[in-house]
Protein chains: 2
Amino acid sequence: MSKSRVLIAVCAVALSTLAVAHNKEDGAAEYRMGLMSVIGWNFGPLGAMVKGKQPFDAAEFSKRADRIANFSDQLLEGFPKGSDNAEHTASKADIWTNWEDFQGKARDFEREAKALAAVAKNNDEAKDKEQFKKVAETCKSCHEKYKKKD
Amino acid sequence: MSKSRVLIAVCAVALSTLAVAHNKEDGAAEYRMGLMSVIGWNFGPLGAMVKGKQPFDAAEFSKRADRIANFSDQLLEGFPKGSDNAEHTASKADIWTNWEDFQGKARDFEREAKALAAVAKNNDEAKDKEQFKKVAETCKSCHEKYKKKD
């Protein structure tokens, strides 16, 4: 193979790798935004019940708390290194420069969300509300630091 | 109250109801698109393993099949009546005019996805692949009829 052919072949491989990487980044951003929407969809009715805007329904509260707990350990895989370069993302690049801190915050959410799912099985409205607020605090703490303003 | 004031008050209530309904529709569309992204994120590696583009990993296959099974009965609530009017949606209005048929297709997906999660616990690559194809068929059958072309 001539030198120029080798170069073309190497470039083709490099470019296709870059193209895949770019798609992967966009895919990760789409995934994490999708997962946030799904969590928000389930978190909304819990918040409405906690604030008295919707009648408290223990079974509904527990069902949605269970879902959020299930989603909670699926978040981090949506933030692979380099995916701050995705075309559309609400994630600040600080996530990857402060990865340990960000990961800690994601795990705080996971821990409190799983605690909410456990508490919600006991049909105790006051305790549900107390634990709900702890989950909400973990969301807020992370979004304030790592989510771009709308 | 004068007639004009009554009219203004009635219009204000009507408009705020419309505004809420509109937000609810957009919220539902955002939720269902988010859930589709999350399902796709997990379905991708299964497809890659089935097609031999990624080494078969029984534990990974089972983990992602479990997730998809969990999501499968969370789809229908993302299609409330009227949400064909959402600002951004890939859903055809036919969904709501053929609701029974659409609901049947969503339940086909749910049944086959749950069967895949069950099959995947047995670490039998051939059976995993066979059942994966049945799930994929239910996606295709519904998308062809009810999803707008990109």
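Data overview
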quantity: Out-of-range pairs (alpha-carbon distance over 19 Å; input A:Lys51/A:Lys148; B:Lys129/B:Lys149; A:Lys63/B:Lys145; A:Lys140/B:Lys63; A:Lys51/A:Lys127); calculated: A:Lys51/A:Lys148; B:Lys129/B:Lys149; A:Lys63/B:Lys145; A:Lys140/B:Lys63
quantity: Cα→Cβ-extended label distance, 7 Å offset, between B:Ser141 and A:Trp96, nm; calculated: 4.2 nm
quantity: Interatomic Cα distance distribution for the range A:25-146, bins of 5 angstrom, percent; calculated: 2, 12, 21, 23, 17, 12, 8, 5, 1
quantity: Neighbourhood net charge (11 Å Cβ-Cβ; Lys/Arg +1, Asp/Glu -1) for A:Lys92; calculated: +1
quantity: FRET efficiency, B:Lys51 to B:Asp124 (Cβ-Cβ, R0 25 Å, nearest 0.05); calculated: 0.90
quantity: Interchain or long-range residues, amide H under 5 Å from A:Ser91's placed H; calculated: A:Lys148
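Bear in mind these aren't lab numbers, they're just calculated from the coordinates by the rules spelled out. In this text, all values refer to a predicted model and were calculated from it rather than measured experimentally. Here the Cβ is made from the backbone with ideal geometry for all residues, glycine too, and neighbour counts use every protein chain on show.
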